[in-house]
Amino acid sequence: MRVGYTIFILFLSLSLLGFLNVCNAHRLRYNFYKETCPQANWIVKQIITNETRTNPALGAQLIRMQFHDCFVRGCDGSVLLDTVNNGSKAEKDAIPNRSLKGFDVIDDIKNAIEKVCPNVVSCADILALAARDAVSAPFKRRLWNVALGRRDGRISLASETNGNIPSPFADFTSLLETFNNKTLDVNDLVVLSGAHTIGVAHCGTFSRRLYNFTGKGDADPTLDPTYADILRKQCPSPANPNTIVEMDPGSSRSFDKHYYHILRQNKGLFISDAALLTNKESESIVIRLQRSRGLFFAAFARSMRKMAAIDVLTGKDGEIRRNCRVVNP
């Protein structure tokens, strides 16, 4: 009887948590700052437009930052916080986040907005807008809409990245579990993996596939042999931590569906990329995204809106940071 009661309470608690998450997500609005800071969107777009002229990789950098923010504690800007001298390491100092870039751009946007709308626009919202605008910049139009109204979290722990940020070494089961835990489904997993069409990766994130896949000095048999040879030339063993390669060869600065083409050619860079072909449902989604002309952009916009609403803080929860790197005193 007690076991049944405990299971019931656990189910009720999880249901309530899911209900609260949905309610918070519904508090986000596209016109959230219409009255309090109507210049916010324009300021973000202007700074991002200027930055992408000299740094075309900014889209890949900021969307990766947003992913890593949302998968740990929800989309609360916690990845932006610095480690304090006498405290535990913050998220940005965790191993998966040490290669994140673009924090200075977020700082510039925050400083510009604070001059016209002090204590109004959250760092979490700035990151969501900046990521969207940086990816959209080459298209001269918005690729997805961003609902606003997030508030900033006050906690950032490097230890909480473990098991929350999807790993490039993960198999399909682990990937799907991570996404399901964030209220995302298999379609979101495949669609959001398409962000790997832009950006670069360090050799250490995939060198195991080239040199020691099963611990016997062998290569991953699911990786295209010719592509593997190219990668070995770029990343000799042992891996140089500073060497980077394109995640989507030949298309790493073009946001498009090309990722799904190379995936079906067994040229996905990470183990997690190749894993999408090991499940019938996810493989069918890959094929559909590859073959359809306009499906990827619509699907990506839909999944980004879902991801950007993960466990958001709204209302009186959290705070509006004055400086994105530190919590308010």
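The values are calculated or read from the model by the stated rules, or taken from the named source; none is laboratory data. Since we're looking at a predicted model, the values are computed, not measured. Here Cβ is always computed from backbone atoms with ideal geometry, including for glycine, and neighbour counts include all displayed protein chains. For accessibility, only protein heavy atoms count, side chains too; no ligands or nucleic acids. Shrake-Rupley method; radii C 1.70, N 1.55, O 1.52, S 1.80 Å.
Please work out the Kirkwood hydrodynamic radius for the range 155-288, using every pair of different C-alpha atoms, and report it in angstroms with one decimal place. Intermediate values should be presented prior to the final figure.
On the way: mean 1/r = 0.0648 Å⁻¹.
Averaging 1/r across every pair of different Cα atoms and inverting gives 15.4 Å.
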Notebook entry, point to check: If ligands, DNA and RNA are left out, what is the accessible area of Tyr227 with a 1.4 Å probe, given in Å² to the nearest 10?
Noted result: 10
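Percent relative contact order of the range 160-262, based on C-alpha pairs within less than 8 angstrom and at least six residues apart?
Over the range 160-262, the number comes to 32 percent.
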Check: With the calculation restricted to Cα positions, what are the radius of gyration and Dmax of the range 24-180 in angstrom?
Finding: 15.7, 47
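Can you give the Kirkwood hydrodynamic radius of the range 240-310 from its Cα pairs, in Å with one decimal? Kindly include the intermediate steps, with their values, before the conclusion.
Numbers: mean 1/r = 0.0745 Å⁻¹.
For the range 240-310, the Kirkwood estimate is 13.4 Å.
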Next item on the list: Return the aspartates and glutamates within reach of Lys257: Cα separation strictly under 18 angstrom, same-chain partners fewer than 8 residues apart disregarded; answer none if there are no such residues.
Entry: Asp188, Glu246, Asp248, Asp273, Glu283
Margin query: Let me see the P(r) profile for the range 78-155: every Cα-Cα distance counted, bins of 10 Å, each bin given as a percent of all pairs.
Written below: 16, 42, 34, 7, 1
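I need the Kirkwood Rh of the chain: take the reciprocal of the average 1/r across all distinct C-alpha pairs and report it in angstrom. Could you put the intermediate results ahead of the total?
Numbers: mean 1/r = 0.0481 Å⁻¹.
Radius from the Kirkwood sum: 20.8 Å.
Please report the net charge: other residues with Cβ closer than 15 Å to the Cβ of Lys216, K and R +1, D and E -1. Write down the numbers at each step before the final one.
Numbers: positive: Arg208, Arg209; negative: Asp218, Asp220.
Taking every Cβ under 15 Å from that of Lys216, the sum is 0.
Under the classification rounded if a/c is under 1.5, otherwise prolate if a/b is larger than b/c and oblate if not, where does the range 33-121 fall, given a ≥ b ≥ c as square roots of the Cα gyration tensor eigenvalues? Walk me through the intermediate numbers first.
On the way: a/c = 2.02, a/b = 1.37, b/c = 1.48.
The shape class here is oblate.
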Check: For the chain, list the DSSP H helices whose alpha carbon atoms reach 24 Å or more along the long axis and whose average Kyte-Doolittle value is -1.0 or above?
Finding: 2-26
Notebook entry, point to check: Rounded, prolate or oblate: which one fits the range 210-329, using the alpha carbon gyration tensor with axes a ≥ b ≥ c (rounded when a/c is under 1.5, else prolate when a/b beats b/c, else oblate)?
Noted result: oblate
Check: Can you give the three extents of the C-alpha atoms in the range 188-264 along their principal axes, from longest to shortest, in whole Å?
Finding: 35, 25, 22
Next item on the list: Can you pull the one-decimal nm distance between simple spin-label points at Phe139 and Tyr30, each 7 Å off the Cα toward Cβ?
Entry: 1.5
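Of the listed pairs Lys110/Lys316; Lys34/Lys306; Lys182/Lys216; Lys92/Lys140; Lys45/Lys89, which have alpha-carbon separations greater than 25 Å here?
In this structure, Lys182/Lys216; Lys92/Lys140; Lys45/Lys89 lie more than 25 Å apart at Cα.
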Margin query: Placing one identical point scatterer on every Cα of the range 178-231 and ignoring solvent, what is log10 I(q)/I(0) from the Debye formula at q = 0.12, 0.31 Å⁻¹?
Written below: -0.42, -1.09
